[in-house]
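One structure below.
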Amino acid sequence: EVQLVESGGGLVKPGGSLRLSCAASGFTFSNVWMNWVRQAPGKGLEWVGRVKSKSDGGTTDYAAPVKGRFTISRDDSNNMLMLQMNSLRTEDTAVYYCTTDGSGVVVPAAFNYWGQGSLVTVSS
Amino acid sequence: EIVLTQSPGTLSLSPGERATLSCRASHRVGSTYLAWYQHKPGQAPRLLIYGTSSRATGIPDRFSGSGSGTDFTLTISRLEPEDFAVYYCQQYGGSPLTFGGGTKVEIK
């Protein structure tokens, strides 16, 4: 069974930093591209960024609102995805989901598997 | 960036009725790279359709997707009580990936 479990959310002041983690199981983590998607209160889904598999270069892509402030990384030996968030703003308040297609056979692919999300609140 | 515009914003229907949701793209989207998701409060989003018209595993056949180029449609042939939710289209062929603003399907 595929599982994605986010952790690390919480309350942080504007300008602060926070690191989210996503523990993955039930599939070959090293083969897949991993993504972060967020949903601000009362808003729709917003793609945050992704990291490709090492076989596809291991490169990262980011949405414009977070580029230069957020960093996505992966630890294939421990099946972990990370999101380092710096210079946080009130508009970064959201539930953050890690998500993937789960196979890596065809890329890019739609997001077949999602975690339950981790709430990040940026407020003074 | 490809902007996806969904309409209507809200659809008020009764169980058993047909729902037709629209997603219009600002630039052409390859049919391989258009998906639809269902999202209910407090839950993770669920993939319904990928590649414009392919149903994800376990998705009932009352859900269907169609379209090409810049115009895509999700159809729910007969609404069941569990189908009332928010639906998002997504293009995943280019970066940045983008979602539409969502269509809420509510009980009339």
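Here are the numbers:
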read-out: Between A and B, accessible area buried - total, square angstrom, nearest 100, 1.4 angstrom probe; value: 1500 Å²
read-out: Per-selection Rg to Rh, chain A - Cα, Kirkwood hydrodynamic radius; value: 0.95
read-out: Accessible surface of chain A [probe 1.4 Å, protein heavy atoms]: carbon and sulfur percent; value: 47 percent
read-out: Binned Cα-Cα distances of chain B, short to long, each 5 Å bin given as a whole percent; value: 2, 14, 26, 27, 19, 9, 3, 0
read-out: Chain A: antiparallel DSSP beta bridges as a percent of all, rounded to 5; value: 90 percent
read-out: Solvent-accessible area per residue for chain B (1.4 angstrom probe, square angstrom); value: 45 Å²
read-out: Inter-probe distance in nm under a simple model that places probes 7 Å from Cα toward Cβ, at residue A:13 and residue B:40; value: 4.1 nm
read-out: Between region B:60-88 and region A:70-124, the alpha-carbon center distance in angstrom; value: 26 Å
read-out: Cβ-Cβ FRET estimate between residue A:77 and residue A:116, R0 fixed at 30 Å, reported to 0.05; value: 0.80
read-out: Debye-sum result for the protein assembly as shown in log10 I(q)/I(0), which assumes one identical scatterer on each alpha carbon, at q = 0.09, 0.11 Å⁻¹; value: -0.36, -0.54
read-out: Gaussian network model of chain B, springs between alpha carbon atoms under 10 Å - residue of B:21, B:74, B:11 with greatest fluctuation; value: B:11
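The values are calculated or read from the model by the stated rules, or taken from the named source; none is laboratory data. Everything quoted here is computed from the prediction, not taken from an experiment. Counting neighbours? That spans all protein chains shown, and the Cβs are built from the backbone with ideal geometry, glycine included. Side chains are part of the model used for accessible areas, which takes the heavy atoms of the whole protein and leaves out ligands, DNA and RNA. Shrake-Rupley method; radii C 1.70, N 1.55, O 1.52, S 1.80 Å.
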